[in-house]
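Here is the structure we will look at, set down as structure tokens.
The values are calculated or read from the model by the stated rules, or taken from the named source; none is laboratory data. Remember, it's a predicted structure, so these values are computed and weren't measured experimentally. As a convention, Cβ positions derive from the backbone with ideal geometry for all residues, glycine included, and neighbour counts pool all protein chains shown. Heavy atoms of the whole protein, side chains included, go into the accessibility calculation; ligands, DNA and RNA do not. Shrake-Rupley method; radii C 1.70, N 1.55, O 1.52, S 1.80 Å.
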Amino acid sequence: ADSASTGNGTKVEASTSSGDVHVLDDTYGLDVSFPIHHRVSTNYPSLLHNLDPLHHHAPRQYENMPLQTLGDRHDLYLRHLEGCRKAYAPDYSKSCDIFEYDRMLMNRRQPQSMVNLTETGWKII
């Protein structure tokens, strides 16, 4: 079955196809290791709002951003893009950024357009 990621360190219940329920520690969500829907998370555990959340609210830029527990993945991603730009320079370097924009946009749009064909079935022609 499904499990949902909240990206904020909460516990998530996930049920399997056999009906067993497991409680998962949600410490790893989207946009943590590599950008999937948006830019990679820069919400590091060492930031003040994560160290002392009772006394410090998260700045707007970090609201709903998953906790980044894998280090500086943003810098790694920027180096990845720069490598792409250098590989396709000078004629096609902008295509790296265009592709990345389109890839993330597709990742946000694709799930809502998926159709479950299990009930409809398949017809061999």
### Task
Taking Leu51 as meeting all but one of (1) open to solvent by less than 80 Å² (accessible area, probe 1.4 Å); (2) at pLDDT 90 or above; (3) farther than 23 Å from Arg103 by Cα; (4) of a type outside the set (Lys, Arg), write down the number of the exception.
(1)
### Task
For segment 22-35, indicate whether the set of residues that are open to solvent by less than 60 Å² (accessible area, probe 1.4 Å), at pLDDT below 95 and of a type in the set (A, V, I, L, M) is non-empty.
yes
#### Entry: Residue list for segment 57-98, restricted to those being exposed (fewer than 12 other Cβ atoms within 10 Å of the Cβ), assigned to a loop (DSSP other than H, G, I, E, B) and charged (D, E, K, R)
Glu63, Asp91
